[in-house]
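Enquirer: Okay, handing you the structure first.
The values are calculated or read from the model by the stated rules, or taken from the named source; none is laboratory data. Treat the numbers as computed from the prediction; the structure is a model and nothing was measured. Cβ sites come from the backbone with ideal geometry, for glycine too, and all protein chains shown count toward neighbours. Keep in mind that these areas ignore ligands, DNA and RNA; they rest on the heavy atoms of the full protein, side chains included. Shrake-Rupley method; radii C 1.70, N 1.55, O 1.52, S 1.80 Å.
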Amino acid sequence: MAIDQTKLEALLGRAVVDIGANFHAALMVTGDRLGLFRALGDLGPVTSTDLAKHTNTHERYVREWLAAMAAGGYITYDNGAQEFSLSEEQALAILDADLPGAFALAQAAVKSGPRITELFQTGEGMGWHEHDPALFEGTERFFRPGYAANLVPHWIPALDGVALKLEMGGLVADVGCGHGASTILMAKAYPRSRFVGFDYHRPSIERAREAAKHAGLDGRVTFEVASAMDYAAAGYDLVAFFDSLHDMGDPVGIARHVRRSLAPGGTWLLVEPFAHDRLEDNLNPVGRMYYAASTMLCTPNSLSQNVGAALGAQAGEARLRKVAVEAGFTRFRRAAETPFNLVFEARG
Ligand SMILES: C[S@@+](CC[C@H](N)C(=O)[O-])C[C@H]1O[C@@H](n2cnc3c(N)ncnc32)[C@H](O)[C@@H]1O
């Protein structure tokens with residue numbers, strides 16, 4: 001067999017990036033927890049000594065961390081002044097778009113690695129609630145920036161007649177709401193509407209309730225512990241699922257329940273990870289992130305529930321449409337998309 005040296009070198013080069021990324025991911029979380037990124041943003045160009053002083057940390061560790069971050073391209077190093085800083089783009093991604101939150105999610109998930117390895121042999125599932133608690137906050141932080149940028153300005157206006165209903169005063173359910181970031185964003189934007197977030201995970205619901213209280217929304221926004229199969233069917237104008245349907249065991253059974261829970265003329269908003277229908281079209285960095293997360297989180301959660309359909313985080317439009325049609329929805333269309341999300345509207 002002839003080895004193609006160029007292909008081999010490309011593969012090994014990629015492995016170096018990935019192995020570095022593994023260490024790097026843990027250190028992103030360290031920098032986040034210790035306030036190192038925030039201090040860099042506040043202080044501007046700074047030496048390792050000053051950054052350590054400002055953050056009450058030890059200089060030798062901070063210097064090594066800064067070097068690792070600069071080598072990864074997440075921090076800028078000025079060789080002349082021997083100072084470190086965040087460029088405009090680095091500050092935007094790290095501080096404003098909360099990039100460390102995404103790393104926190106990945107780091108929390110990998111804590112379940114040994115258990116996931118066992119599941120490959122037993123075929124059993126693993127519930128969302130069984131992961132390290134850092135997962136729940138990491139998930140909220142991973143998704144929130146995308147919702148903040150898109151949900152109210154783009155996704156709801158892309159649905160037929162929904163923005164108007166919510167402006168006039170509608171009733172909305174957010175199913176599999178986690179910490180309720182999406183629920184709270186919608187509630188702030190539509191002060192005449194009422195919102196109910198449902199999730200089977202009690203600690204997430206408790207956290208969401210605190211967030212609603214903190215936002216001054218209690219009364220208009222409530223959060224209930226309930227499964228997507230049997231949350232109270234109160235005649236909702238809009239039922240929204242944000243990155244949760246593919247995690248669930250029985251998507252068709254749940255979609256039937258959604259249909260029953262809608263008011264006449266109501267809309268199901270289904271937000272799912274961006275994916276093409278064919279595996280070969282998802283073999284890219286976004287697909288890789290989602291397939292990997294799906295192996296550790298979404299697929300085990302679905303397999304832990306009744307039916308265990310395990311749609312996976314790269315289900316794609318054709319499979320999701322099939323779920324909606326089997327559940328009895330007569331209209332299903334892609335209303336919007338971003339590089340990370342597909343947004344569907346189901347009605348009828
Ligand atoms: C990936 S998280 C998304 C959370 C939230 N929607 C967001 O976008 O940040 C999936 C959520 O679905 C919830 N979940 C999973 N299976 C469920 C079920 N059968 N019924 C209700 N919630 C469920 C989990 O507890 C988790 O909060």
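Enquirer: With a 1.4 Å probe and every protein chain left in place, work out the accessible area per residue of the chain in Å², rounded to a whole number. Numbers along the way, then the final one.
Expert: Values: 17120 Å² over 348 residues.
Spelled out: the 1.4 Å probe surface of the chain, per residue, equals 49 Å².
Enquirer: Using the charge dipole of the chain (Lys, Arg: +1 at Cβ; Asp, Glu: -1 at Cβ; taken about the Cα centre), state which of 189, 338, 211 has its Cα farthest towards the positive end.
Expert: Result: 189.
Enquirer: Keeping the other protein chains in place, figure out the carbon and sulfur percent of the accessible area of the chain, with a 1.4 Å probe.
Expert: Answer for the chain is 56 percent, counting heavy atoms of protein chains only.
Enquirer: May I pose another question? Determine, for the chain, the count of lysine pairs separated by eight or more sequence positions (or lying on different chains) whose alpha-carbon distance falls under 28 Å.
Expert: Working: 165/188; 165/213; 165/322; 188/213.
Taking the chain as the scope, the lysine pair count is 4.
Enquirer: Separate question: In the stretch 140-167, whose amide N lies under 19 Å from the spot 7 Å out along Cα-to-Cβ of residue 337? List them in ranges.
Expert: What the label zone holds, given the 19 Å backbone N cut-off, is 146-147, 150-151, 154-160.
Enquirer: Through the Karplus equation 6.51 cos²θ - 1.76 cosθ + 1.60, θ set to phi - 60°, convert the phi angles of the stretch 106-122 into ³J(HN,Hα) values in whole Hz; use x for Gly and Pro.
Expert: 5, 5, 5, 5, 5, 4, 8, x, x, 5, 4, 4, 5, 4, 4, 8, 8
Enquirer: Taking the C-alpha atoms of the stretch 282-346, how large are the radius of gyration and the largest Cα-Cα span, Dmax, in Å?
Expert: 12.9, 35
Enquirer: What percentages make up the Cα-Cα pair-distance distribution of the chain when the bins are 10 Å wide from 0?
Expert: Binned Cα distances yield the sequence 5, 23, 30, 23, 14, 5, 1.
Enquirer: Taking the Cα centre as origin and putting +1 on Lys and Arg beta-carbons and -1 on Asp and Glu beta-carbons, what dipole magnitude results for the stretch 194-331, to the nearest 20 debye? Could the numbers behind the result be given before it?
Expert: On the way: 15 positive and 16 negative charges, 54 e Å.
Magnitude of the dipole: close to 260 debye.
Enquirer: For a quick check, take a GNM of the chain with Cα springs below 10 Å and name the residue from 120, 329, 274 with the largest mean-square fluctuation.
Expert: Among 120, 329, 274, the largest mean-square fluctuation in the Gaussian network model of the chain belongs to 120.
Enquirer: Kirkwood Rh over Cα pairs of the stretch 6-91 into Stokes-Einstein at 10 °C, 1.306 mPa s: D in µm²/s? If you can, show how the numbers build up before the last one.
Expert: Working: Rh = 13.6 Å.
This corresponds to a translational diffusion coefficient of 117 µm²/s.
Enquirer: Shifting gears a bit: Among 102, 70, 226, determine the one that fluctuates most according to a GNM of the chain built with springs between C-alpha atoms less than 10 Å apart.
Expert: 70
Enquirer: Using the crude model of +1 on Lys and Arg Cβ and -1 on Asp and Glu Cβ, and no other charge, please compute the dipole size for the chain relative to its Cα centre, in debye to 20. Could you put the intermediate results ahead of the total?
Expert: On the way: 32 positive and 41 negative charges, 192 e Å.
Once rounded to the nearest 20, the dipole reads 920 debye.
Enquirer: Using a cut-off of 14 Å between beta-carbons, work out the net charge of the residues near residue 289 (Lys and Arg +1, Asp and Glu -1, residue 289 not included). Before the final figure, lay out each step's value.
Expert: Details: positive: 288; negative: 18, 243.
Taking every Cβ under 14 Å from that of residue 289, the sum is -1.
Enquirer: Report the net charge of residues surrounding residue 226, where surrounding means a beta-carbon distance below 13 angstrom and charges are Lys +1, Arg +1, Asp -1, Glu -1. Present the calculation step by step, with values, prior to reporting the outcome.
Expert: On the way: positive: 202; negative: 174, 199, 224, 230.
Overall, the nearby charge balance is -3.
Enquirer: Same structure again: Considering only the chain, what is the antiparallel percent among its DSSP beta bridges, to the nearest 5? Don't skip to the answer; put the middle values down first.
Expert: Working: 16 of 37 bridges.
Antiparallel: roughly 45 percent of the beta bridges in the chain.
Enquirer: What does the charge add up to near residue 59, with Lys and Arg as +1, Asp and Glu as -1, over the other residues with Cβ less than 12 Å from its Cβ?
Expert: Local charge sum for residue 59: +1.
Enquirer: Using Cα springs under 10 Å in a Gaussian network model of the chain, which residue among 247, 32, 160 shows the largest mean-square fluctuation?
Expert: Largest GNM mean-square fluctuation: 160.
Enquirer: If the only charges are +1 at each Lys and Arg Cβ and -1 at each Asp and Glu Cβ, what is the size of the charge dipole of the stretch 150-263 around the Cα centre, to the nearest 20 debye? It would help to have the intermediate numbers written out before the result.
Expert: Values: 12 positive and 13 negative charges, 62 e Å.
I would put it at about 300 debye.
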